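Below is one structure; the comments refer to it alone.
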Amino acid sequence: METPVREPTFLILTALAGEALHGYGLINEVARLSAGRVSLRPGTLYGALDRLVDAGLVSVEREEVVDGRLRRYYRLTEHGGDLLAEETERMRRNVEAATARLSRRGVPRLSGGTA
C-alpha cells in the first residue's frame, strides 16, 4: 500500500491501533474519530478491510457467532502499525510546514491545539 493513504483507510487503521474491532465497531469508531465527517457504509468498509488484509496491514483476529450471524474481529498487524506511524509522521510534517508558512503571513494559529 502506498502513502499517502486515503482518509477512510487512515481512520480504519487508527481505529484498529487501539484494539481489535468488528465491522459495526469500526464504523462507529471511524465516525467518532472523524467527528462524524466520515461515515462508512458496510460494503465500503468490508471492501477496504479485504484490501487491507490482502496487503498484510490488517488481519482477522477471531470470529464468533452472535445472534446467528458471524462477527469477525480485525486487528492491526505490525506492518499496518508501521504504515500508520509513517503516515502519521508524514502528515505531522505537512501540518508543521503549513503552520510555519501561515504564521509568516500573520495568520493566527487555530485554537484547540494541533491538527
By residue number, the members of the stretch 61-77 that are exposed (fewer than 10 other Cβ atoms within 10 Å of the Cβ) and either at pLDDT 95 or above or at positive phi (or both) are 67, 68
Those residues of the stretch 1-36 which are polar (S, T, N, Q) and either under 8 Å from the mean Cα position of the chain (by Cα) or under 18 Å from residue 54 (Cβ atoms) (or both) amount to 3, 9, 14
Against the condition modelled with pLDDT of 95 or more, farther than 17 Å from residue 15 by Cα and of a type outside the set (Val, Ile, Thr), how does residue 54 come out, does it pass? yes
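May I ask you to list the residues in the stretch 1-51 that are among the polar types (S, T, N, Q) and touching a residue at least 40 places away in the same chain (Cβ under 8 Å)?
3, 9, 14
The values are calculated or read from the model by the stated rules, or taken from the named source; none is laboratory data. Since we're looking at a predicted model, the values are computed, not measured. Note that we place each Cβ from the backbone using ideal geometry, even for glycine, and neighbour counts take in every protein chain shown.
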